[in-house]
Every structure is written in C-alpha cells, then in structure tokens.
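Structure first, then comments.
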Amino acid sequence: MGKMPLVFGHPHKIADVVKEVGSGVNDNRKLLEKVLRRKDYSKIVVEHKDRLARFGFNYLKVLFEESGMEIEVINESQNNKDDLRQDFVSIITSFCARLYGLRRSRRKTEQLLKELQIEKKS
C-alpha cells in the first residue's frame, strides 16, 4: 500500500477533490449537492468555511457530526470585521444578480407577449 498524503501532519486518504465556481450564498450548487449525497468519505476539508457555505455553516457541521462525519477548515478567519464586510458584499452581489436576471426574464416575456399579439392580429 502506498503512502497516504499528509495534510498539515494528519494522514488523509483523499477520495476526491471538488472545485466548483459559485458563491457560498448560492443554494443551488450541483457539485456540492453531489458531494453531500455521497457516503464514501468521513471528512470534508475546506480551505475557508465560506467556500462551503457563506451562511448556515454551523448547521452543516452539526449534521455532519450527527452522521459520524466531520468538516475540517484549514484557514480559520481571525478577523470578524473582514468576514462581515465580505458577507455583506456577497449578499448584495447575489441579490443584484438575481434582480438583473428577473428584469431580463421580464423583458423576454414582454417581447414574447407582443409578438403573440401581433400574430393574433394577423
């Protein structure tokens, strides 16, 4: 059997490395859902806790512990002001993206309705 990789002095057998482009505020992350449904690991190691979830991290941690699994955070933040500032920016960014998406959808719907009315008159 080969050597297991070491992560900060702790031996871990790495089952998978998952990278997903997405916000910790987004609750529709396909790769994260896949990982959470898997049962072939006992620990998730994340660089920063907000990479897993911007909000509700402690709920995830409790659920993992109740399932006999754990979450290990490599870089714990020491500056709560920076965390709060980053959380605020993330929330605003997320809601702005949703709002602009809704506006775009509304314009498309309005355009379709106009085209249907024109076709109906013809």
Check your understanding: What length, rounded to one decimal in nm, is gained on full extension from Val18 through to Leu84, with 0.36 nm per residue of separation minus their alpha-carbon distance?
Key -> 21.2 nm
Review point. Given labels modelled 7 Å from the Cα in the Cβ direction, how far is it in nm from Arg37 to Lys121?
Key: 4.9 nm
Exercise for review: Taking 7 Å along the Cα-to-C-beta vector as the label spot, tell me the Ile92-Asp27 distance in nanometres, rounded to one decimal.
Suggested key: 2.3 nm
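Every number here is computed from the coordinates shown, using simple stated rules; none is lab data. Just so you know, these numbers come straight off a predicted model, no measurement behind them. We place every Cβ from the backbone using ideal geometry, glycine too, and count neighbours over all the protein chains shown.
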